[in-house]
Amino acid sequence: MKSTSRDIRLRNCFAVLRHLIADAPTSRQILARETDLSVATVSNLVTDLIELGVVVEVGREDSGGGRPRALLAPNAAGGVMIGVDVAETYVQLEAYDLALTVVDRVEERMEVSENSPDQVIGHIASAMDQVRGRLGDRAVLGVGVSLPGQVDVAWGVSGFAPNWNWHDVPFRRLLTERLELDVPVYLDNPLKTITVGELWFGDGRGVDRLAVLILGTGVGAGLAFGGQLYRGATNSAGEWGHTTINPAGPECRCGAKGCIESYVGAPAILRQWAALGGRPDTGSQTEAMAALAAAWEAGEPSAVRTVETVAESLAAGVANLLNLVNPDLVVFDGWVTAALGDALVPEFERRLAAHAMEAPLKAARLKRNTEERNMVALGAAALALEGHLNRLNTVGSRSRR
Ligand SMILES: [Zn+2]
């Protein structure tokens, strides 16, 4: 795909605003240094960001004898971006100012049976009503929604949500009608939104080649190169969970055999523990995972053995990813990482060298996400912010082209 000057301008704009959000208040000169762009390029972008109402000048600093430098910050009093995390048991809606700071949050619990598009949209609408009521006259500039499953980003359609048996649901149109919205709505799945969240606010900021591994009930990766999410031809890039590590392995829910997910997804981990005689019969998946972590902590042999076996599969899968992608940074995220990471991460890191090639292994930093925030909702809001910044190409270019 050809990179146009428009793409490059947008990419530079993301880089400038990410540093500006992280380091505010800051100056054009410091932003130029941080982003490796010229002061002239940064100044042009900042002028457009100010015109768009995203950035404001907040004062001046002494530059050591020269002309005082203007200090810049995100326009915290400007409009808000909405990020929505739709999961199987809850809808969490967060409102963010333009510094991506949470200004409001509503969570709606959902019964597992409440899974029709109408019911899910009803919960989003109810959360949105509450937040809108409290925002007063602050404008909503965009809405990002994370939905489980496959999403057609261009058409705003949920192509397939396996757990809800949704097929080709025109979710964006339905939601826009229900909310009576006149702002753009962006849809994607949690793999993609978490990765965008990492680029804007997490460890991925400023990283050239980033992989985010999400370990949960499902397993997958988000990839980003040059500060931009990599989607692939059909938005399915990063389906790392469905790469094969054993062609004769157990059947996976995708229909194939021996996928990495059929070894390290939460149900697979608990199945292996049960096979060794360990899993308590009662409780939810998350409770069982917490019980496994506690049993491992206590040195119970079935738990220790389970963690070792899962770590071996995970090491093979991560080595495949390192060899294929050669990333600078791999961030581990997802609820299984949070619940079992203390046991699992050191065990699999020890086994990694047996599977990965030396050069990509040495080049990659491995890190667990320590961010307490909801990265799914944050990333969804960041997608909406990226869409808003796309307007720069109509706003700013007017004056300079
Ligand atoms: Zn699979």
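We did not get these values from a lab; they are worked out from the coordinates using the rules stated. Just so it is clear, the model here is predicted, and its values are computed rather than measured. Glycine also receives a Cβ, built like all others from the backbone with ideal geometry; neighbour counts cover every protein chain displayed.
Note on region 5-75: Kirkwood hydrodynamic radius from all Cα pairs is 12.1 Å, rounded to one decimal. The aspartates and glutamates within cross-link reach of Lys367, meaning a Cα-to-Cα straight distance under 16 Å and a gap of 8 or more places when in the same chain, are Glu198, Asp203, Asp208, Asp328, Asp333, Asp342, Glu347, Glu349. Packing here is the average count of other Cβ atoms within 10 Å per residue, and on that basis the peptides 13-20, 73-80, highest first, run 13-20, 73-80. Counted over the chain, the DSSP beta bridges are approximately 65% antiparallel. Just check region 280-401 against the gyration tensor rule for me: Cα atoms, a ≥ b ≥ c as the square roots of the eigenvalues, rounded for a/c under 1.5, and otherwise prolate or oblate depending on whether a/b exceeds b/c. Because a/c hits 1.5 or more and a/b fails to exceed b/c, region 280-401 counts as oblate. The Rg/Rh ratio of the chain, with Rg taken over Cα atoms and Rh as the Kirkwood radius over Cα pairs, comes to 1.00. Treating the angle as unsigned and between 0 and 90°, give the value, to the nearest 10°, between the Cα long axis of helix 5-23 and the longest Cα principal axis of the chain. In the chain, helix 5-23 runs at an angle near 80 degrees to the longest axis.
Summarising the amide proton neighbourhood of Leu187: residues at separation of 5 or more, or on other chains, whose placed amide H is nearer than 5 Å comprise Val145. Show me the chymotrypsin sites (Phe, Trp or Tyr not before Pro) within region 146-177 that DSSP assigns to loop and that have at most 16 other Cβ atoms within 10 Å of their Cβ. Answer in residue order: Trp155. Remark on Gly142: its backbone amide H falls under 5 Å from those of Ile82, a criterion applied only to residues 5 or more positions apart or on other chains, H modelled at 1.01 Å from N.
Ranked by the mean number of other Cβ atoms within 10 Å of their residues, highest first, the peptides 3-10, 335-342 fall in the order 335-342, 3-10. Computed log10 I(q)/I(0) for region 208-370 at 0.12 Å⁻¹: -0.50, from the Debye equation with unit scatterers placed on every C-alpha and solvent omitted.
Here's how it looks for Leu98: its modeled amide H is under 5 Å from those of Gly78, which are all 5 or more places away or on a different chain. Working note: Karplus 6.51/-1.76/1.60 with θ = phi - 60° gives region 228-239 the couplings 10, 4, 9, 9, x, 5, 10, 6, 10, 4, x, 6 Hz, where Gly and Pro are set to x. Classification of region 115-204 by its C-alpha gyration tensor yields an oblate form. The axis ratio a/c (a ≥ b ≥ c) is 1.5 or more, and b/c is at least a/b.
DSSP finds beta bridges in region 208-370, and of those with both partners inside it, around 55 percent are antiparallel. Please build a GNM for the chain, connecting alpha carbons under 10 Å apart, and tell me which residue among Ala233, Ala154, Ala256 fluctuates the most. Judging by the Gaussian network model, the answer is Ala233.
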